[in-house]
Amino acid sequence: MSKRDYYEVLGVSKDASDDELKKAFRKAAVKYHPDKEGGDEAKFKEVNEAYEVLKDKQKRQRYDQFGHAGVGGASGGGYSGGNPFEGFGGGQGGFEFNFGDGGLGDIFGQFFGGGQGGQRGPVRGRDVETQIQLSFEEAVFGVERDMAFDMDDECSHCHGSTVEPGHELKTCPTCKGAGQQTRVVNTMFGAIQQAVTCETCSGRGKVPEKVCTVCHGKGTERRKQTITLKVPAGIDDGATIRLKERGEATANGPKGDLYVHIRVKAHKHFTREGDLILSEEHVSMIDAALGTEIDVETVDGKVRMKIPNGTQSGTDFKLSGHGVPHLRSDRRGAHIVSIIVDTPTKLSKKQKELLEQFGGLKKKSIF
């Protein structure tokens, strides 16, 4: 679905001042805030996205020149930040991505013990966290990484059952299969019965006829593991990839999850803004005045770009399809090249004379 014009979203004209933008944003943010009765989360995000672009002079200039493609807005991505009230986040496909500090609620709810609370049933294995660092190009194009871990895995002898092969599980003699025991606690209000997890079977209701001779009833073995991670093209710094059930194992239960936090090294020439790649190119005053062609460095290699005569310093040019791939499609953003016109600081006598002649001719042409 195509995006609405950002000025239309905020209900302002294209020549709106900073104060007019701020007032319009606050009014719309209050109107659509999802915590308010009658609020609209989708419109609230749309308002935030529009204001994030238009309040920034450089982003606004690119938006006015190139539209949504000039600010990475064609990716269909989520909310980019700047919300004065709270943040939003979400997941994608088989991996779970969490950008910035949005969408971490599910992670924290399951870290350190599986989030099983006091419920009966199999206990999840421990979640594992790690961090990898990518180059700028690896984040743009994606990469496969082998990661080595030393963690609990399923016992190779009993396959996690805790039972010596050839034997079976039997009903726990302590709790009679209930998984819980009842104990009496004396309080200031009198004796109170309290149900607690059975100490013998750890709540499973069953115990081995004979415990595994390798893991001694633990169900797991500590060993080195190698996991291959496929990092998708277009992932950004600060993202988290969740690999379900690739964490540590536990007896008679599912494995925990593996959370891989992504860090991306800064590039010496490029910066990134959503699905845009930004860079600067310097040209001489003469080339800017007369026009020229230059080789621009992109993540795809050098691209020939035309500089029209009369180009001013700070002018942006768009190289379509040379930006960051969209995580949700096979399209790519643009590469925005900002031109910096270099003014000479040291001139020869002849150069000064020529510039003075040019300045004189220019003054005469005015009249």
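Confirm whether Thr213 is closer than 20 Å to Gly253 by Cα and surrounded by 14 or more Cβ atoms within 10 Å (Cβ to Cβ). When the stated conditions are applied, Thr213 does not pass them. Scanning the range 183-205 for residues being open to solvent by less than 90 Å² (accessible area, probe 1.4 Å), out of contact with any strand residue (DSSP E or B) (no Cβ under 9 Å at 6 or more places or on another chain) and either closer than 20 Å to Cys158 by Cα or in a loop (DSSP other than H, G, I, E, B) (or both) gives a total of 1. Ser329 fulfils the conditions (1) surrounded by 13 or more Cβ atoms within 10 Å (Cβ to Cβ); (2) closer than 26 Å to Val140 by Cα except for a single criterion, (1). Gly314 meets all of the listed conditions (1) open to solvent by 40 Å² or more (accessible area, probe 1.4 Å); (2) in a loop (DSSP other than H, G, I, E, B) but one, namely (1).
Which condition breaks for Gly89 when tested against (1) open to solvent by 60 Å² or more (accessible area, probe 1.4 Å); (2) modelled with pLDDT under 50? That leaves (1) as the condition not met.
When Arg223, Arg272 are checked against the criterion of being assigned to a strand (DSSP E or B), within 18 Å of the chain's Cα centre (by Cα) and modelled with pLDDT under 95, Arg272 stands alone in meeting it. For Ser284, the criteria (1) surrounded by 13 or more Cβ atoms within 10 Å (Cβ to Cβ); (2) modelled with pLDDT of 95 or more; (3) out of contact with any helix residue (DSSP H, G or I) (no Cβ under 7 Å at 6 or more places or on another chain) hold in every case but one, which is (2).
The residues of the range 15-70 that are among the aliphatic types (A, V, I, L, M) and within 20 Å of Asp316 (Cα to Cα), listed by number, are Val53, Leu54, Ala69.
Inside the range 132-169, residues that are among the acidic types (Asp, Glu), in a loop (DSSP other than H, G, I, E, B) and open to solvent by 70 Å² or more (accessible area, probe 1.4 Å) make up a count of 1. Evaluating Ala239 against the criteria (1) in contact (Cβ under 8 Å) with a residue 12 or more places away in the chain; (2) among the small types (Gly, Ala, Ser); (3) open to solvent by 70 Å² or more (accessible area, probe 1.4 Å) leaves one unmet condition, (3). Residue-level analysis places Gln180 outside the set of residues that are under 30 Å from Glu52 (Cβ atoms), modelled with pLDDT of 50 or more and open to solvent by 30 Å² or more (accessible area, probe 1.4 Å). Residues of the range 170-182 that are in a loop (DSSP other than H, G, I, E, B) and of a type outside the set (A, V, I, L, M, F, W, C): Pro173, Thr174, Lys176, Gly177, Gly179. You will find that of Val283, Val260, Val296, the residue that is part of a strand (DSSP E or B) and over 29 Å from the mean Cα position of the chain (by Cα) is Val283 and no other. Scanning the range 14-62 for residues that are modelled with pLDDT of 90 or more, in a loop (DSSP other than H, G, I, E, B) and open to solvent by 40 Å² or more (accessible area, probe 1.4 Å) yields a total of 4. The single condition among (1) open to solvent by less than 80 Å² (accessible area, probe 1.4 Å); (2) modelled with pLDDT under 90; (3) within 26 Å of Glu154 (Cα to Cα); (4) touching a Lys or Arg at 6+ places or on another chain (Cβ under 9 Å) that Cys172 does not satisfy is (2). Return the residue satisfying two criteria in turn: it lies in the range 333-350 and is of a type in the set (S, T, N, Q) and over 30 Å from Val299 (Cα atoms), and of such residues it is least open to solvent (accessible area, probe 1.4 Å). Looking at the filtered set, the residue picked out is Ser348. Here Pro208, Pro232 are screened, and the one residue that is surrounded by 13 or more Cβ atoms within 10 Å (Cβ to Cβ) and without any contact (Cβ under 8 Å) to a residue 60 or more places away in the chain is Pro208. Residues in the range 314-326 that are over 14 Å from Ser279 (Cβ atoms) and in contact with a strand residue (DSSP E or B) (Cβ under 6 Å, 6 or more places away or on another chain): Gly321, Pro325. Of the residues contained in the range 99-110, one or more are found to be aromatic (Phe, Trp, Tyr), at pLDDT below 90, in contact with an Asp or Glu (Cβ under 7 Å, 6 or more places away or on another chain) and assigned to a loop (DSSP other than H, G, I, E, B).
The values are calculated or read from the model by the stated rules, or taken from the named source; none is laboratory data. Model, not experiment: these values are computed from the prediction. Heads up, the Cβs are rebuilt from the backbone with ideal geometry, glycines too, and the neighbour counts pull from every protein chain shown. Quick note on the areas: whole protein, heavy atoms, side chains included, nothing else; ligands and nucleic acids left out. Shrake-Rupley method; radii C 1.70, N 1.55, O 1.52, S 1.80 Å.
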